[in-house]
1. If I stretch the segment between Asp58 and Arg42 completely, what's the gain in nm (0.36 nm per residue apart, minus their alpha carbon distance), one decimal?
2. Among Ile36, Gln75, Gln90, pick out the residue whose Cα is farthest towards the positive end of the charge dipole of the chain, where Lys and Arg carry +1 and Asp and Glu carry -1 on C-beta, about the Cα centre.
3. Can you pull out the trypsin sites (Lys or Arg not before Pro) in segment 3-93 that DSSP calls coil and that have at most 15 other Cβ atoms within 10 Å?
4. If I stretch the segment between Ala101 and Tyr74 completely, what's the gain in nm (0.36 nm per residue apart, minus their alpha carbon distance), one decimal?
5. Going by a ≥ b ≥ c, the root eigenvalues of the Cα gyration tensor, does segment 22-71 fall in the rounded group (a/c under 1.5), the prolate group (a/b larger than b/c) or the oblate group?
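What follows draws every value from the coordinates through simple rules; no lab data is involved. Just so we're clear, the structure is a prediction, and the values are computed from it rather than from any experiment. Neighbour counts are summed over all protein chains in view; Cβ atoms, including those assigned to glycine, are modelled from backbone coordinates with ideal geometry.
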Amino acid sequence: MADPTPRTRAIITGSTKPALPRHIKLRHDASRGRWIILAPERVYDPDDVAVSVLQRCDGVRSVDEIAAALAAEYQAPVDVIAADIVTMLQELADKGVVTAA
């Protein structure tokens, strides 16, 4: 029987406080020497930039705060980093890998 409640799409903005749901795990795979995202019946292979962002997605820090920290760390324009983070997290939210509060 189909669920009568339609799934709503999480929208990622600068004020969003992203987090990984309990059933999604960001783990370091020592045998491969890389980070992976473990989801039910799926494994994602994030690049180094995505890992830097996802490690900060704790449901407490906003996208803007994450972008500011990365901009300071990498000495890059915060607006460019924020736009890239929003795009990346929106794609992951659409796949159910990231939640938005």
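1. 3.6 nm
2. Checking the options against the dipole of the chain, the answer is Ile36.
3. Here the sparse-neighbourhood loop sites are Arg7, Arg9, Arg22, Arg32.
4. The Ala101-Tyr74 span can extend by a further 7.1 nm.
5. Judged from the Cα gyration tensor, segment 22-71 comes out oblate (a/c at least 1.5, b/c at or above a/b).
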